[in-house]
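**Student:** For reference, the structure I am asking about is given below.
The values are calculated or read from the model by the stated rules, or taken from the named source; none is laboratory data. No experiment lies behind these values; they were computed from the predicted model shown. So basically every Cβ, Gly included, is an ideal-geometry build from the backbone, and we count neighbours across all protein chains shown.
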Amino acid sequence: MPIILRNLPYFDTETEVLVRNGEEPVKVRASQIIVWVNITRIGQMDSDPATPRFPALLDTGLSHNFSIPAKHLRDWAGFDLSDLPRLGFSDLHSPRAPDKKPIQIPRHQAEVWLHRNKPGERDVLLNDVPFRLQLDNGIIVYPEGQIAPRLPLVGLRALQWS
């Protein structure tokens with residue numbers, strides 16, 4: 001895998017990032033690692049520079065590739081659920097109730113692109129071609145009204161296979 005993230009900082013205190021052309025501040029908790037991504041339709045082999053970029057947490061504990069709340073898919077990535085073909089479902093098990101029946105969360109086909117940071121900078125991105133993650137099992141999209149992560153998540157599996 002080529003080097004994409006270099007000297008990516010994280011902070012001991014809460015910070016914020018700006019989304020939607022700097023219009024929407026989003027809190028980032030202490031010790032959370034932010035990466036910048038964008039989404040395109042499946043099969044698109046390059047990323048249009050005009051496609052909106054948005055923050056995602058690097059979550060090595062996520063047992064899937066990538067997950068995003070439907071609200072962020074719509075508001076930040078510019079996609080409606082109907083824009084992305086459904087692949088099936090993933091079972092979500094609650095760590096607080098391991099003996100309860102898992103919740104099924106829909107998986108959709110999409111391309112996710114990871115943007116290179118300027119070394120030592122979290123929110124300054126290099127102006128070059130982003131790296132397309134190989135997400136054979138699609139992305140998890142949490143429906144509106146469903147309990148979801150506060151921010152989109154990039155799992156270690158997305159980086160492992162790319």
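**Student:** Could you say which residue among Ala158, Ala110 is within 25 Å of Val26 (Cα to Cα) and touching a Phe, Trp or Tyr at 6+ places or on another chain (Cβ under 6 Å)? Even if it seems obvious, please write down each step before you answer.
**Tutor:** Numbers: Ala110 fails: touching a Phe, Trp or Tyr at 6+ places or on another chain (Cβ under 6 Å).
Only one candidate qualifies: Ala158.
**Student:** Could you count how many residues in the stretch 107-162 are in a loop (DSSP other than H, G, I, E, B), within 17 Å of Leu73 (Cα to Cα) and among the charged types (D, E, K, R)? I'd like the intermediate steps shown before the answer.
**Tutor:** Narrowing the stretch 107-162 to residues in a loop (DSSP other than H, G, I, E, B): 109-110, 116, 118-124, 126-130, 134-138, 143-152, 161-162.
Those still in the list that are within 17 Å of Leu73 (Cα to Cα) too: 109-110, 135, 138, 143-152.
With the extra rule that they be among the charged types (D, E, K, R), the set shrinks to 144, 150.
Matching residues across the stretch 107-162 total 2.
**Student:** Also, quick follow-up: Residues in the stretch 139-162 that are closer than 17 Å to Ile42 by Cβ and within 12 Å of the chain's Cα centre (by Cα): how many? Give the derivation first.
**Tutor:** Filtering the stretch 139-162 down to residues closer than 17 Å to Ile42 by Cβ leaves 139-141, 158, 161-162.
Applying the additional criterion that residues be within 12 Å of the chain's Cα centre (by Cα) yields 139-141, 158.
Residues meeting the conditions: 4.
**Student:** Under 6 Å between Cβ atoms, at least 6 apart or on separate chains: pull out the pairs that start in the stretch 34-53 with a residue that is at pLDDT 90 or above and end on any residue that is among the acidic types (Asp, Glu) and in a strand (DSSP E or B).
**Tutor:** Short answer, once both residue conditions are applied: Thr40/Glu111.
**Student:** From the set of residues in the stretch 19-46 that are under 21 Å from Asp128 (Cβ atoms) and over 15 Å from the mean Cα position of the chain (by Cα), which is surrounded by the most Cβ atoms within 10 Å (Cβ to Cβ)?
**Tutor:** Among them, the one singled out is Gln44.
**Student:** Of everything in the stretch 55-80, what is closer than 17 Å to Ile147 by Cα and in a helix (DSSP H, G or I)? Give them in sequence order.
**Tutor:** Ala70, Lys71, His72, Leu73, Arg74, listed by residue number.
**Student:** Six or more apart or on different chains, Cβ atoms under 7 Å: show the pairs whose first residue is in the stretch 98-127 and under 29 Å from Asp48 (Cα atoms) and whose second is in a loop (DSSP other than H, G, I, E, B) and of a type in the set (Asp, Glu).
**Tutor:** Filtered contacts from the stretch 98-127: Arg116/Asp128.
**Student:** Among the residues of the stretch 134-143, which ones are surrounded by 12 or more Cβ atoms within 10 Å (Cβ to Cβ) and either modelled with pLDDT under 90 or farther than 23 Å from Gly155 by Cβ (or both)?
**Tutor:** Those that are surrounded by 12 or more Cβ atoms within 10 Å (Cβ to Cβ) and either modelled with pLDDT under 90 or farther than 23 Å from Gly155 by Cβ (or both): Gln134, Leu135, Asn137.
**Student:** Do you know which residues across the stretch 115-133 are surrounded by 13 or more Cβ atoms within 10 Å (Cβ to Cβ) and in contact with a strand residue (DSSP E or B) (Cβ under 8 Å, 6 or more places away or on another chain)?
**Tutor:** Kept after step one, since they are surrounded by 13 or more Cβ atoms within 10 Å (Cβ to Cβ), are these residues of the stretch 115-133: 115-119, 121-123, 125-126, 130-133.
Of everything in the stretch 115-133, those that are surrounded by 13 or more Cβ atoms within 10 Å (Cβ to Cβ) and in contact with a strand residue (DSSP E or B) (Cβ under 8 Å, 6 or more places away or on another chain) turn out to be His115, Arg116, Asn117, Lys118, Arg122, Asp123, Leu125, Leu126, Pro130, Phe131, Arg132, Leu133.
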